[in-house]
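What follows is calculated from the coordinates using simple rules that are stated; it is not laboratory data. Everything numeric in this text was worked out from a predicted model, so none of it was measured. Neighbour counts run over all protein chains shown; Cβ positions are idealised from the backbone, glycine included.
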Amino acid sequence: MVVGRIDGHEKAVGVATPAEALAQMLDWLRTDANAAFVWYLREDWPEPVTLIGRPASGVVGETRRSAHLFHVRPGVALHGSITARCGTELSLTDIEWLRLGAGMPCECCLVTGARHELGRMGR
Ligand SMILES: [Zn+2]
């Protein structure tokens, strides 16, 4: 979901992917430079979602464009930036979202993610 205030009007749009959310927000910014908005996973979503993204081309050097894992919890609003499992913080406008298996994975994110999964199984 993307929720915003554009030209003084409240708007809410359902989107399927973070890339669509970003496209919607940029669209609103073109309409109203003072538009304010957040995006989030619907609070009635059954479980947290892991998104895969890497710094967009030109944001960092090619060698540092590894794919990070981002854990998104339902109902938690996102705006400005998002922090990966390894602690890398990226601005939402600087992320290229990837499909599972695409890009070179960030090893740190994988290790942290694996520990997270093991911890859940042990409970
Ligand atoms: Zn990472």
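Data for the structure
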item: Fraction in percent of alpha-carbon pairs per bin - 10 Å, the chain; result: 13, 40, 32, 13, 2, 0
item: Sorted peptide list for 6-12, 78-84, criterion being average Cβ within 10 angstrom, highest first; result: 78-84, 6-12
item: Dipole moment magnitude, nearest 20 debye, the chain about Cα centre, only Lys, Arg, Asp, Glu C-beta charged; result: 400
item: Burial order of peptide ranges 27-36, 46-55, 94-103 (average beta-carbon count within 10 Å, highest first); result: 46-55, 94-103, 27-36
item: Contact order relative to length of the chain, as percent, for alpha carbon pairs under 8 angstrom and 6 or more apart; result: 22
item: Nearest-0.05 FRET efficiency for Asp94 and Thr31, computed from C-beta distance (R0 22 Å); result: 0.50
